[in-house]
Amino acid sequence: MNNLFSNFDAKAALKQLSDVNGKLMKGAELLTDVEDIDVGTAPKQLIYEEDKLTLFHYKPEAKKACGIPVLVVYALVNRPYMLDIQPDRSFIRNLLNLGLDVYIIDWGYPTQSDRYLSMDDYINGYIDNCVDAVRKHAKTDKVSLMGVCQGGTFSGIYASLHPEKVHNLITLVAPFDFTTDDALLFNWSKSMDVDALVDAYGVVPGSLMNDGFLMLMPFNLNIKKYVDMLHVMEDKEKLLNFLRMEKWIFDSPGQAGECLRQFVNDLYKGNKLAKGTLQLGDKTVNLGDIKMPILTIYASADHLVPPAATKALNDLVSSEDKTLYEFQGGHIGVFVGARSQKELAPAIAKWLVTRDVPAPIKSKEAPKKSPAPAIEKPVAAVTEVAKPAIAKPVVKKAPVAKATTTKASPAKATKAKTAAKPKAVTTNAVPEVFKTTFKKPAK
Amino acid sequence: MENPSDYLDGWMKIQQQAINALRDQALQVQSLYQNGATASDNPFTSWSKSVLEAFPFGADGNLAKDTFSKTQFGTEAMQKLYELWQPLLNAIRDKSIDPANYGNLTDPTKIKQLFDKLFNFDFDAIAQLQNQTKQITDLYEQFGKPWADVAKTQSANFLNGDYSQNSLQPEAIFTQMKASMAMFEKSTGRIFSVPALGKDREKIEQISKYAKALSTFSSKQAEYYQLMQATGYEGTQAVIKAVAAKVGAGEKFEKFDDFFALWIDSNEKTFNKLFQTKEFSEKRNAMTDAGFTARKMYNEIIEGQLFDLPIARRSEMDEVYKLVYDLRKKVKSLESQVQELKTQR
């Protein structure tokens with residue numbers, strides 16, 4: 001007869017038990033000292049605010065590698081500081097160190113007075129105003145949109161409705177095709193009576209949403225995680241890191257009812273975005289109107305937004321320059337994992353740098369709300385030549401000069417000429433990281 | 001290496017020693033955190049209580065406090081798991097183990113306690129809900145005493161039953177909920193067919209509907225809990241099978257943590273399988289929808305009661321919010337037009 005635990009050593013067992021108790025005690029002592037858990041510490045400046053929304057510009061950390069600013073659009077669920085959770089695990093700091101000019105939208109915490117905000121208000125209102133604010137602040141015609149999760153879906157919709165303002169589109173773990181049954185969240189959302197939920201609450205409490213997320217993996221998220229935590233509880237730094245993530249997980253803003261209603265009914269249940277029948281205000285959203293370069297990032301082990309929901313974007317857009325990037329990991333690991341810091345952030349920066357226009361517009365005036373279509377063509381030309389550029393070193397971007405041969409109106413030609421100046425490319429210093437060998441992402 | 005046959009006895013002694021040591025430590029710590037703790041408390045409880053009260057105020061202080069509570073829960077679950085599987089381990093030690101009887105070696109009551117805690121199942125809450133229904137009917141009985149009396153009797157019957165015993169058996173609770181629902185239909189539910197009583201009839205109807213909605217919610221909640229409990233037992237069986245397979249293959253657990261990992265993994269998979277089913281979605285949605293409906297009705301009752309008072313009601317505030325929303329949009333649109341005109345100049 002086998003004894004399952006015959007390898008146990010009694011003294012070791014005592015040690016194990018007393019270790020656990022000791023760690024709990026020490027942890028309690030450390031926890032009582034915790035008053036402030038710092039997150040989102042990368043220096044930034046407020047440049048625009050509207051209702052509960054605030055728009056920040058991060059202080060540049062390195063010589064500019066990109067003329068086109070990057071606007072990060074985060075999801076309405078949870079808070080954007082996850083991208084800058086701690087200095088040594090900061091997606092944002094990484095992008096800044098690689099020479100990107102980064103802006104970020106903070107949606108704030110909706111209250112009952114925001115219950116009527118719709119998807120149209122968020123996308124054609126807030127995001128559009130933020131894009132304009134960034135264009136004005138950075139003195140550029142266009143921005144590169146980087147949407148995270150639901151923010152990625154919003155960014156895709158925005159890019160299809162306002163392509164003249166979006167130079168590049170990057171989506172990170174963002175759903176576009178909601179027909180997949182690969183994830184519990186998708187299944188549950190499809191059978192949920194969101195109308196009853198919204199009618200009962202107005203602004204749906206974040207805690208209610210969070211309970212749903214915890215139910216996805218109840219044993220791991222409610223028990224194992226905290227037992228595992230005992231092993232790091234004695235170490236103040238590790239404990240603080242754990243608490244930063246806890247802070248983020250349970251810092252859940254409420255959801256504006258009308259927006260949530262449409263998101264669930266039209267997208268999760270109706271899959272209208274992929275079908276091309278989504279209506280926002282008086283406009284129908286057609287992802288086929290997206291022609292700018294796109295980078296679609298999905299996580300292979302994403303239990304919240306499965307790859308099938310994310311990858312679909314590349315089949316729905318008309319862009320010729322489209323890249324699919326597989327991140328080996330889960331939904332959250334995309335932003336805070338070690339691999340993310342080491343691989344993903346540089347990959348994004350490189351992708352952006354190779355699709356940049358060399359110089360910002362010279363006009364001191366604020367860009368118009370709806371810029372003339374004249375600027376669209378030259379950028380398209382740049383896109384065209386930059387198409388295979390993901391594997392190319394930035395310094396080889398000289399073929400941009402081809403853009404000047406594009407037949408365009410005088411205004412367009414001037415613009416294209418500006419874009420074609422190789423000098424501008426070399427002016428933007430190429431960070432060392434881009435010169436190193438870079439593994440091409442799996443397609 | 002200890003004699004394997006004496007291992008578990010040794011383990012129990014060691015655990016007892018460790019708990020005693022923990023209590024000694026707790027008493028020392030308690031002296032540092034005297035606020036809130038009384039001498040009559042269990043030392044560990046009072047220690048926990050004192051520690052929790054020692055956390056600083058403020059958002060992050062609360063987060064640290066919550067995290068500590070969750071960690072305590074995690075370790076408690078681990079300890080409960082150890083207790084739960086003790087008979088199985090004893091059987092292994094006594095060499096009396098028979099894979100066919102593994103299931104009999106686990107105590108269903110302890111399994112239930114573990115799962116109740118994990119999923120925040122609280123059968124007392126169901127009783128409280130019934131009590132709430134009773135209080136509501138008490139409050140408004142002036143509007144329809146005869147019907148309120150019936151509802152009161154029905155709630156009292158439920159509360160006076162041998163609830164504590166039944167609470168250990170989800171099936172019994174479920175049956176009781178069904179019976180309670182049927183009683184409601186036969187008593188208070190009849191109010192819908194009564195003729196008009198005057199100006200307060202609407203209020204009585206609202207209250208009755210709300211009471212009915214609460215009963216429906218309780219019933220749906222019990223059905224949901226029953227499903228989760230049944231899956232909990234299924235998960236336990238899966239662990240037993242996995243252990244049996246390990247025994248059969250001549251493998252060993254190197255430490256309790258390994259067993260804990262197997263338990264987590266096996267249960268997670270079992271529940272994940274349930275979560276994928278249509279039955280789960282239907283039962284969960286039926287429960288939440290019933291809850292939303294009850295909440296909506298409660299709001300309507302409050303609305304009705306506040307009607308004559310100089311207090312803004314929810315529906316009025318909603319109108320204000322809508323107005324503010326529309327005005328915001330209008331102002332933004334006008335501002336944008338002004339800006340455009342300025343630019344054109």
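Listed values, structure above:
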| item | result |
| --- | --- |
| Residues in the stretch A:193-214 reached by a label modelled at residue A:265 [backbone nitrogen below 12 Å; 7 Å Cα→Cβ] | A:193-199 |
| Averaged over A:219-232, number of beta-carbon atoms from partner chains that fall within 10 Å | 6 |
| Accessible surface of the stretch A:74-135 [probe 1.4 Å, protein heavy atoms]: carbon and sulfur percent | 51 percent |
| Separation in nanometres of the label points that stand 7 Å from Cα toward Cβ, at residue B:282 and residue A:111 | 4.3 nm |
| Sulfur and carbon atoms: percent of accessible area, the stretch A:178-309 [1.4 Å] | 52 percent |
| Estimated vicinal HN-Hα couplings, Hz - the stretch A:328-340 in sequence order (Karplus 6.51, -1.76, 1.60; Gly, Pro = x) | 7, x, x, 4, 7, x, 4, 9, 10, x, 4, 5, 4 |
| Under 5 Å, built H, 5+ apart or other chain: amide partners of residue A:331 | A:303, A:304 |
| Nitroxide proxy distance, nm - points 7 Å out along Cα→Cβ at residue A:35 and residue A:139 | 4.4 nm |
| Total accessible area lost when A and B pair, probe 1.4 Å, Å² to nearest 100 | 7200 Å² |
| For the stretch B:274-288, residues shielded by at least 40 square angstrom of accessible area compared with the chain on its own, probe 1.4 Å | B:275, B:276, B:284, B:285 |
| Computed accessible area, residue B:300, all protein chains, 1.4 angstrom probe, square angstrom | 90 Å² |
| Violating pairs (Cα-Cα greater than 30 angstrom) within the set A:190/A:283; A:23/A:247; A:64/A:238; A:59/B:330; A:139/A:247; A:224/A:322 | A:64/A:238; A:59/B:330; A:139/A:247; A:224/A:322 |
| Two-site FRET efficiency, residue B:329 against residue B:257, from Cβ-Cβ distance with R₀ of 56 Å, rounded to 0.05 | 0.45 |
| Rounded accessible area of residue A:72 (nearest 10 Å², 1.4 Å probe) | 0 Å² |
| With every protein chain in place, the stretch B:208-305: carbon and sulfur % of accessible area (1.4 Å) | 52 percent |
| FRET efficiency, residue B:311 to residue A:284 (Cβ-Cβ, R0 51 Å, nearest 0.05) | 0.70 |
| Anisotropy class of the stretch A:149-278 from Cα gyration tensor, a/c 1.5 cut | prolate |
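The values are calculated or read from the model by the stated rules, or taken from the named source; none is laboratory data. Keep in mind it's a predicted model, so treat the numbers as computed, not measured. Because the Cβ atoms are built from the backbone with ideal geometry, glycine has one as well, and the counts that use them run over all protein chains shown. Ligands, DNA and RNA are stripped out before the accessible areas are found, and what is left, the full protein with its side chains, is counted by its heavy atoms. Shrake-Rupley method; radii C 1.70, N 1.55, O 1.52, S 1.80 Å.
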